[in-house]
Amino acid sequence: MKLLVFSAKDFEIPFLQKANNGRHKVTYIKDELDSTTAIKAMGYKAISISSGDDACLNALEKLRDLGVKYISLRAAGYNNIQIKAAKRFGLKVANAPDYSPHAIAEHAVALLMALNRKIPVADRQVHSFNFEQKNLMGFDLVGKTIGIVGTGRIGSVMVKIMHGFGCNILAHDLLPDQKLVAKYGVLYVGLEHLYRQADIISLHVPLTAETHYLIDKEAFEQMKPDVFLLNTARGAIVDTRALIKALEVNKIAYYAADVYEKEKGLYFKDHSAHGIKDRHLKTLLTFPNVLMTPHQAYVTEEALHKIARITFENLDCWAQGKYCKNELGYETLIL
C-alpha cells in the first residue's frame with residue numbers, strides 16, 4: 001500500500017521504517033495535515049497522522065476526493081479528527097491505543113517530582129555555582145492524598161506508581177476498577193469529594209464533550225489552596241483562563257502539564273527565534289510554580305516502537321482485507 005506520513009519527526013522515522021520492513025511504499029513529510037496540505041496526499045491510498053495534525057472536515061473531504069481510503073493515527077487520542085465525517089466520506093480510521101501507558105504515567109510522576117523538589121531551579125542554581133538551599137523546599141509524597149481522575153490504562157499505572165510512594169489514593173471514573181480497589185486500596189469518590197480532599201490531582205481522562213473544561217473555575221474553587229494539579233491527558237480538559245486566575249490568586253499551589261489547550265501551530269515546532277503570540281501560554285510560563293513540557297510524554301523508545309508497529313499492523317489489516325481491531329467508529333467524537 002502507498003502511504004504518506006504527515007508530521008514525520010526525525011526521531012520517529014527510524015522506528016517507522018523498521019516496523020514497515022519494506023512492506024508498504026512510504027513517503028515521510030514534515031508538513032502537518034490540514035485543509036491546505038491535504039493535497040499532498042494525491043496518489044496515496046493511505047495516510048498516517050499524529051496528534052498535531054488537523055483532520056478537519058475540509059481536509060477529510062479533500063482526502064476522499066484524492067482517493068485516500070485509510071488513515072492510521074500514530075496516537076491513542078483522536079480529538080483532532082472528525083470520526084463521523086471520515087465515516088461519511090468512506091474513510092477508514094484506526095488509532096494506536098495502549099502503546100505505552102507507562103510512558104505517560106511515568107512522565108506525570110517526573111513532572112510532579114521535578115516541580116515539587118524544585119529540580120529545574122536547583123539545576124539552574126548549580127550551573128551558576130549557587131549552592132544555597134533556601135528556595136528549594138518541597139514535600140514528602142508519603143502519606144499525601146492523590147486524586148486520580150480516570151483509571152483506564154494510564155490512570156491505573158499511575159495508581160500503582162503512587163501506591164509505591166505510600167500515597168492514599170482517591171479516584172474518579174465512570175467504570176470503577178475493582179482490582180485497583182482490592183490491590184491498592186483505591187477509594188472511588190465523586191469529583192467534588194476528590195477536589196476537596198486531594199493534595200495532588202492527576203488527570204488521565206480522554207477529551208470528550210463531557211470532559212472539556214472539566215477543570216474550570218468551579219472546580220478550582222473546590223480544591224485545596226495548596227493542591228498540585230497534573231495534566232498529561234489533553235490540554236482542553238483544563239480551562240486555561242480559569243487556571244491562570246487560580247494561579248494569580250494562589251488558589252492552587254502548583255501546575256505541571258505536558259499538554260496545552262491550543263497546541264496547534266505551537267507544539268512540535270521550534271519558536272525560539274521569534275517567540276510565540278499565544279498570550280495565555282506566555283502568561284502561564286511566567287509563573288515559577290508552573291512546569292510545562294512540549295507533549296513529550298510518549299517520547300520513549302518503547303512507546304515509539306509500539307506506535308510504529310501498531311501503525312503498520314493497521315495498514316496490514318486493511319491491505320489484506322482483514323478486520324482491524326483498532327478501527328474507530330461513530331461512538332466517540334472527541335477523545
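General remarks:
- Helix 153-164 and the longest principal axis of the C-alpha atoms of the chain enclose an angle of approximately 30°.
- Counting only cysteine Cβ atoms and a cutoff under 4.7 Å, the chain contains unmatched residues Cys56, Cys167.
- Stokes-Einstein diffusion for segment 101-292 at 25 °C, viscosity 0.890 mPa s, with a Kirkwood radius from C-alpha pairs, works out to 142 µm²/s.
- Positive-end residue, the chain charge dipole about Cα centroid, Cβ charges, pick of Gly147, Ile237, Gln222: Ile237
- For the chain, size of Cβ-based charge dipole, Lys and Arg +1, Asp and Glu -1, in debye: 800
- The charge dipole of segment 184-335, taken about its Cα centre with unit charges on the Cβ of Lys, Arg, Asp and Glu (plus for the first two, minus for the last two), comes to roughly 360 debye.
- Likely footprinting exposure, Asp53, Asp10, fewest C-beta neighbours within 10 Å first: Asp10, Asp53
- Rg(Cα)/(2.2 N^0.38 Å) for the chain, N = residue count: 1.05
- When both segment 1-33 and segment 74-152 are represented by their alpha-carbon centers, they are found 26 Å apart.
- Ranked Lys92, Lys30, criterion: other C-beta atoms within 10 Å, fewest first: Lys30, Lys92
- Neighbourhood net charge (9 Å Cβ-Cβ; Lys/Arg +1, Asp/Glu -1) for Ala308: +3
- Candidates Leu111, Leu73, Leu191, ranked by Gaussian network fluctuation over the chain, Cα under 10 Å, top entry: Leu191
- Ranked by how many other beta carbons lie within 10 Å on average, peptides 298-304, 119-125 from highest: 298-304, 119-125
- Separation between Cα centres of segment 256-299 and segment 218-237, rounded to whole Å: 17
- Extension gain, Leu57 to Glu132, is 21.5 nm, computed as 0.36 nm per intervening residue step minus the present C-alpha separation.
- In degrees, nearest ten, helix 301-319 long axis to first principal axis of the chain (Cα): 30
- Relative contact order of the chain, pairs being alpha-carbon contacts under 8 Å that are 6 or more residues apart, as %: 18
- Relative contact order of segment 101-292: 18 percent, from C-alpha pairs under 8 Å at least 6 residues apart in sequence.
- Cβ-derived FRET efficiency at R0 22 Å, Lys269 paired with Tyr213, nearest 0.05: 0.30
- Projecting label points 7 angstrom from Cα along Cα→Cβ for Thr36 and Phe165 puts them 4.3 nm apart.
Laboratory data are not the source of any read-out in this text; all were calculated from the coordinates shown. Source: prediction; values computed, not measured. Cβ sites come from the backbone with ideal geometry, for glycine too, and all protein chains shown count toward neighbours.
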